[in-house]
Number of protein chains: 2
Amino acid sequence: MQERRTKWSTNFSEWFRDVIFQAGVYDYRYPVKGAGVWPPLGMRLRNNVINLMKRLLDETGHEEVLFPTLIPEELIGKEAEHIAKFEEEIFWVTRGGKESLSHRLALRPTSETAIMEMFKLWIHSHTDLPIKIYQVVSVFRCETKATAPMIRLREISMFKEAHTAHRNREEAEEQVKEAINIYKEFFERLAIPFIISIRPEWDKFAGAVYTIAFDTLMPDGKTLQIGTVHYLGTNFSKAFDVTYLTPQGTHEYVHTTSYGISERVIAALIAVHGDDHGLVLPPFIAPIQIVIVPIMYGEDVEVLNYSKEVFEELRKKGYRVVLDDRRDITPGEKYYYWELRGVPLRIEIGPRDLKQKEVTLVRRDTFKRVSVSKESYLKVLEETLNKIHCTVRERAYAWFNIKFHKARNLKEVWEILEERKGVVEVPWCGNDECGLKLEEEVKGNVLGYDINEDKSAVKGEKCIICGKDAEHWIRVARRY
Amino acid sequence: MQERRTKWSTNFSEWFRDVIFQAGVYDYRYPVKGAGVWPPLGMRLRNNVINLMKRLLDETGHEEVLFPTLIPEELIGKEAEHIAKFEEEIFWVTRGGKESLSHRLALRPTSETAIMEMFKLWIHSHTDLPIKIYQVVSVFRCETKATAPMIRLREISMFKEAHTAHRNREEAEEQVKEAINIYKEFFERLAIPFIISIRPEWDKFAGAVYTIAFDTLMPDGKTLQIGTVHYLGTNFSKAFDVTYLTPQGTHEYVHTTSYGISERVIAALIAVHGDDHGLVLPPFIAPIQIVIVPIMYGEDVEVLNYSKEVFEELRKKGYRVVLDDRRDITPGEKYYYWELRGVPLRIEIGPRDLKQKEVTLVRRDTFKRVSVSKESYLKVLEETLNKIHCTVRERAYAWFNIKFHKARNLKEVWEILEERKGVVEVPWCGNDECGLKLEEEVKGNVLGYDINEDKSAVKGEKCIICGKDAEHWIRVARRY
């Protein structure tokens, strides 16, 4: 039963591979590069995460839809910048049965083009706007780099993509703000720390006017992009000729936005909260919140009945609870089993608990144990779950916050990225050339600058590359 | 606003195309043959149907999972009968970016082969069995026949497929029975009438030992297959070498089953309950159960406030309710609008209702109207929704039940299929040759025989083709 595991603290990437597999969250042994299987426990976690996102979108007037997986080559090629970027990555369906298709079909890498084609049919008048839709689907990208489970995939199977259309730039940019607020709330609820950056020109979404991205930091100090919001302007509406009739009787192009998240959110959730023992899941999102382990000696019917009573009570209260009454393994093995799976709270019930009319609560995050009387345990249990959420959150943020540095010369940047890890902010003139040179010099990636940048903080600073007046403190990191 | 519509009663197939599009359930204008878009209202209906199915599966110990869309050619070719049938229909991905793939990948037409490959990794011992999993995914079949929205697709986007593995035939066949009971309950809840048949040898699922199918009857008298359950025996486990260790220490092949439904269920739901005015949705599954239409003359704030009060009350009670307070269209246009969309109950609130402290309820199924006092309307409303469900159900079953016929000669069969429509039962010797000849002679399809066939009923009957002793009353119909 006891499997040796790599450590979260010293070898994160192996830990991640091991733990998602051993905990039954994700099985990467499926024989297609960059595609994996979600087994039952992982699927339940995934459903909880998706449902949280859906709730936030539904509450803000988004409507769920579903578009086809296949996009005709002609459609996907309509927006020039879009196809220029994606053509390297598109999987093409060229045959049906034993025949060649007369027109080849793309497996969607993202759905802007499919959706614009229908927006053209759906949008006639200003009264049809705004449109705010989303779907959760598989998208496909033929990654040439090494793939990594849940993080760099060829089939991204949990792509939540929202697409909106508006009357003008102002309304579309209001939508960008709403999207940012939705994502903020979403990551807050998952207790995942993040920074929000305006991506540099050379790293924006293909076809966007600008891209705003959410990054978190993995335990190895590399950043992970976990959400993006794009203002697409009229780039797609012009390519697809999507206009609306204004109240004045003229026709105008709609302004569109899109924003997405993927299973990387779950990778982040696992990575930022985990420890050497396995997953640590925030109670709010955990598929199993509580596990009850009866400590039985032989045929201890009374302990088992007492455990069942607690189980039924918690189930009726709406907790996601499991009673582990397996006979073929020891309580110690059960602890190990459920700790690996990140169940936030364990209830141990032994003969002493029975005798004293108590239960023993053990926290997954701190391993602290406390015995409470059966009479009052419900209140303590609820408080403990809330405390676990807070502790898990604070721990993640504390770790995150010390990983930000400022630097004014390349040597220092290099040293931080190599040794101390994390994100470095450096002064930058705003020139793409300097940004690209910076990436090359430090073997890092420019994440962009803070969306709420304090302009005065950059006053007097000089670009780390060319020495001219700096425009931004720009973020640099190694990234996934 | 008033669009002319084809009639359910006289031209079903055009009615179906028109009504799903105009009601916002399905948009078939997407430019890929056999692929369509689910707009918001259709998506909500679809989610309600899927959630009902998920609930029934979860309650019976099934676990949701998610497998990749892509299946390597090598895997999908492992079971000989399976690939022999599906190779005509598989879409192949042959290129990634600008490169040819070294191994081409199939878009899954169904997932037995992908799942068996993982079962091989997941199943070791008898204690790992049974496994009961399901997923809701897109599957792809390169239909060469004419496609039809929701009914004959190249991308089936609501494929619920369950897959199970068991220790022996007996346990696997128990699972087949459980699957049949789940589907029965599912169709009962949707008030869709059905028959259950054991499909003939030549029409079973590719790789199955036998196939049991659910068929309903469309308004044009053609049957629609809406669910199938397959006992796969050890055909797949042998092809994929999936064995388990018995308590006795030997290795045995697992016995597997699979069972599926698709968006055809929604097509059936719409078809069997609809009328010349549009959709008629059973209240239990309708995305919108109640629409409130205030009848206002000018700035009638009081009627509007009264309507809002009713709206809030119903919303809080958990009803899926809409208040249609649009100013630019008349109440009559609203009636038309919501009748088309099949909302089971309309509440009209005019000045007289306000004055008399009443509301007027109008049923979608019978168009009967009744005024009830505001004080007691909640009880009447709940009763009315239940009555609508019963009426809709009875109406569908009554129509269905008169469409079954028995015949003993081909001329009669032909006449029924051509004129009276529906399903004909004929005596059959059990020989494939006679079955295939029967299909040819009457330009129909053999659906199979009743799973609960009364053997004595066929005694003394002679095969309609060869005249030998009959084994079964076999069902023949024209089908989708």
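The values are calculated or read from the model by the stated rules, or taken from the named source; none is laboratory data. Only a predicted model underlies this, so the values are computations on that prediction, with no experimental measurement involved. Note that each Cβ is placed from the backbone with ideal geometry, even for glycine, and that neighbours are counted across all protein chains shown. We work out accessible area using only protein heavy atoms, side chains counted, and drop any ligands, DNA or RNA first. Shrake-Rupley method; radii C 1.70, N 1.55, O 1.52, S 1.80 Å.
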Scanning for something touching a Ser or Thr at 6+ places or on another chain (Cβ under 6 Å) and either among the aliphatic types (A, V, I, L, M) or under 30 Å from B:Ile329 (Cβ atoms) (or both), does segment A:189-205 turn up at least one residue?
-> yes
Test: residue in segment A:448-471 that is at pLDDT 95 or above, touching a Gly at 6+ places or on another chain (Cβ under 8 Å) and open to solvent by 50 Å² or more (accessible area, probe 1.4 Å) | yes
Residues located in segment B:269-287, provided they are open to solvent by 10 Å² or more (accessible area, probe 1.4 Å) and either hydrophobic (A, V, I, L, M, F, W, C) or out of contact with any helix residue (DSSP H, G or I) (no Cβ under 7 Å at 6 or more places or on another chain) (or both) | B:Val272, B:Asp275, B:Asp276, B:Phe284
Does at least one position in segment A:164-181 carry a residue that is among the hydrophobic types (A, V, I, L, M, F, W, C) and outside any helix (DSSP H, G or I)?
-> yes
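What is the residue count in segment B:427-480 for residues that are of a type in the set (D, E, K, R), touching a Leu at 6+ places or on another chain (Cβ under 9 Å) and over 23 Å from B:Lys184 (Cβ atoms)?
Within segment B:427-480, the subset of a type in the set (D, E, K, R) is B:432-433, B:437, B:439-441, B:443, B:450, B:453-455, B:459, B:461-462, B:468-469, B:471, B:475, B:478-479.
After this cut, where a residue has to be touching a Leu at 6+ places or on another chain (Cβ under 9 Å) as well, the list is B:441, B:443, B:475, B:478-479.
Add one more test, that the residue is over 23 Å from B:Lys184 (Cβ atoms), and what stays is B:441, B:443, B:478.
Selection size over segment B:427-480: 3.
Among the residues of segment A:288-342, write down those that are part of a loop (DSSP other than H, G, I, E, B), under 21 Å from A:Glu375 (Cα atoms) and open to solvent by less than 70 Å² (accessible area, probe 1.4 Å).
Filtering segment A:288-342 for residues part of a loop (DSSP other than H, G, I, E, B) gives A:288-289, A:295-300, A:317-320, A:324-330, A:341-342.
Applying the additional criterion that residues be under 21 Å from A:Glu375 (Cα atoms) yields A:289, A:295, A:317-320.
Those that are part of a loop (DSSP other than H, G, I, E, B), under 21 Å from A:Glu375 (Cα atoms) and open to solvent by less than 70 Å² (accessible area, probe 1.4 Å): A:Gln289, A:Ile295, A:Gly318, A:Tyr319.
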Restricting attention to segment B:39-82, report how many residues are more than 12 Å from chain A (Cβ to nearest Cβ), touching a helix residue (DSSP H, G or I) at 6+ places or on another chain (Cβ under 8 Å) and free of Cβ contacts under 8 Å to residues at least 60 places away in the same chain.
-> 1
Which numbered condition B:Phe140 misses (of (1) closer than 27 Å to B:Lys222 by Cα; (2) touching a His at 6+ places or on another chain (Cβ under 9 Å); (3) among the aromatic types (Phe, Trp, Tyr)) = (2)
Number of positions in segment B:194-208 that are under 19 Å from B:Ile474 (Cα atoms), touching a Phe, Trp or Tyr at 6+ places or on another chain (Cβ under 8 Å) and outside any strand (DSSP E or B) = 3
For segment B:140-163, does any single residue satisfy the condition of being more than 24 Å from A:Ala106 (Cβ to Cβ) and within 11 Å of chain A (Cβ to nearest Cβ)?
-> no
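Are any residues in segment A:117-163 in a helix (DSSP H, G or I), touching a Leu at 6+ places or on another chain (Cβ under 7 Å) and crowded, with 20+ Cβ neighbours inside 10 Å, and if so, which ones?
So the first thing to find is which residues in segment A:117-163 are in a helix (DSSP H, G or I), and the list is A:117-122, A:126-128.
This time we only want the ones that are touching a Leu at 6+ places or on another chain (Cβ under 7 Å), so: A:117, A:126.
Scanning segment A:117-163 gives a single hit, A:Glu117.
State whether one or more residues within segment A:94-116 are part of a helix (DSSP H, G or I), at the interface with chain B (Cβ under 8 Å from one of its Cβ atoms) and within 25 Å of B:Glu155 (Cβ to Cβ).
Filtering segment A:94-116 down to residues part of a helix (DSSP H, G or I) leaves A:112-116.
Those still in the list that are at the interface with chain B (Cβ under 8 Å from one of its Cβ atoms) too: A:114.
Restricting the remaining residues to those that are within 25 Å of B:Glu155 (Cβ to Cβ) gives A:114.
For segment A:94-116, residues part of a helix (DSSP H, G or I), at the interface with chain B (Cβ under 8 Å from one of its Cβ atoms) and within 25 Å of B:Glu155 (Cβ to Cβ): present.
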The lone condition A:Asp220 fails out of (1) modelled with pLDDT of 95 or more; (2) under 18 Å from the mean Cα position of the chain (by Cα); (3) not hydrophobic (A, V, I, L, M, F, W, C) is (1)
Inter-residue pairs, beta-carbon under 6 Å, first not assigned by TED's automatic domain parsing to the domain that holds B:Asn51 and in segment B:125-152, second open to solvent by 20 Å² or more (accessible area, probe 1.4 Å), 6+ apart | none
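On the given criteria, is B:Phe16 more than 10 Å from chain A (Cβ to nearest Cβ), surrounded by 23 or more Cβ atoms within 10 Å (Cβ to Cβ) and modelled with pLDDT of 95 or more?
Details: more than 10 Å from chain A (Cβ to nearest Cβ): yes; surrounded by 23 or more Cβ atoms within 10 Å (Cβ to Cβ): yes; modelled with pLDDT of 95 or more: yes.
The answer is yes for B:Phe16.
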Somewhere in segment A:19-32, is a residue acidic (Asp, Glu) and out of contact with any helix residue (DSSP H, G or I) (no Cβ under 8 Å at 6 or more places or on another chain)?
-> no
